[in-house]
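Before any comments, here is the structure.
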Amino acid sequence: MGPFPGGNWKAGHYLLLLLGLYALVVTLGFALRGRQLSALRAEVGRAKEALFWAPEGYRLPIPGACLPSRPENLPNAPRPYRKGVNPGFIFVQGDACVPVLRGTGVVAAATGEVVKAETAHTPLSPEEKKALLDRVKGGATPEDMDLIRGLEVWIRHKDGRISVYAHLESVYPGLKVGMRLRRGDPIGYVGQTGLAPSARLLFELWEGRPDEGRFFGQGLGKEALLQSARALFAWPK
């Protein structure tokens, strides 16, 4: 009789037992290494995520452009037709240091994630424009502002701000919500959509959701606004 009750063990049986135990040890070892490898991969993923959202400066959204100088093209400029003010910078021909024409390329002002990308746009009919202008005489809702801006792209940046690119002719091919962009990546083309009277880019930078939070430079006078903008966009005085 073998060493176990009811068993008749021979040398081969012990060998099979040892081989089984060895296989179990090896399997557990691979499982542990697998978990360690998974943990390492997760750590690398977290490092990449942290690197992507690391602090970074802003650039102007049209390559080679300078900050607008005309008061009507700066944040806080009055917009009596809707009983409000302009929340952004308007880059237009003759006030941007570079040509601003329909089809001029627009780029991301900073690294971030696309949270809105309108790939199709239907121009307002004359009747719809009149109805919109009548409706906003006492103030525009966020929905009204979307119509006023025409075709838009929104990007959420590392510091929590959201940049808005409005009056676009079209978005860059393949651009869609959820995409991650680097500063300077193409996002679209200057257009004349919404209520834009000519080809232009309206660029806004918001703390919080557009039309609900505060826009960059809100309440500042022209000189203080330009000083803050030069610092933000690293633009020389």
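The values are calculated or read from the model by the stated rules, or taken from the named source; none is laboratory data. From a predicted model like this one, the values you see are computed outputs, not experimental measurements. Here the Cβ positions follow ideal geometry from the backbone for every residue, glycine too, while neighbour counts run over all protein chains shown. We work out accessible area using only protein heavy atoms, side chains counted, and drop any ligands, DNA or RNA first. Shrake-Rupley method; radii C 1.70, N 1.55, O 1.52, S 1.80 Å.
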Q: Just need a number here: residues in segment 87-134 that are without any contact (Cβ under 8 Å) to a residue 40 or more places away in the chain and surrounded by 14 or more Cβ atoms within 10 Å (Cβ to Cβ).
A: 4
Q | Options PRO173, PRO186, PRO210, PRO197: the member that is under 20 Å from GLY112 (Cβ atoms) and open to solvent by 60 Å² or more (accessible area, probe 1.4 Å) | A | PRO173
Q) What number of residues in segment 130-147 are hydrophobic (A, V, I, L, M, F, W, C) and part of a loop (DSSP other than H, G, I, E, B)? A) 2
Q: Report, by residue number, each residue of segment 135-170 that is among the acidic types (Asp, Glu), closer than 19 Å to THR193 by Cβ and open to solvent by 50 Å² or more (accessible area, probe 1.4 Å).
A: GLU143, GLU169
(Q) Tell me whether segment 115-133 contains one or more residues that are in contact with a Phe, Trp or Tyr (Cβ under 6 Å, 6 or more places away or on another chain), within 13 Å of PRO61 (Cα to Cα) and of a type outside the set (Phe, Trp, Tyr). (A) no
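With respect to GLN192, determine if the residue is without any contact (Cβ under 8 Å) to a residue 24 or more places away in the chain and not aliphatic (A, V, I, L, M).
No.
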Q.
As an exercise: evaluate PHE215 against (1) surrounded by fewer than 21 Cβ atoms within 10 Å (Cβ to Cβ); (2) farther than 22 Å from VAL100 by Cα and give the number of the one condition it does not meet.
A. (1)
Q. Looking at this structure, is GLY178 open to solvent by 10 Å² or more (accessible area, probe 1.4 Å) and either modelled with pLDDT of 95 or more or in contact with a strand residue (DSSP E or B) (Cβ under 9 Å, 6 or more places away or on another chain) (or both)?
A. yes
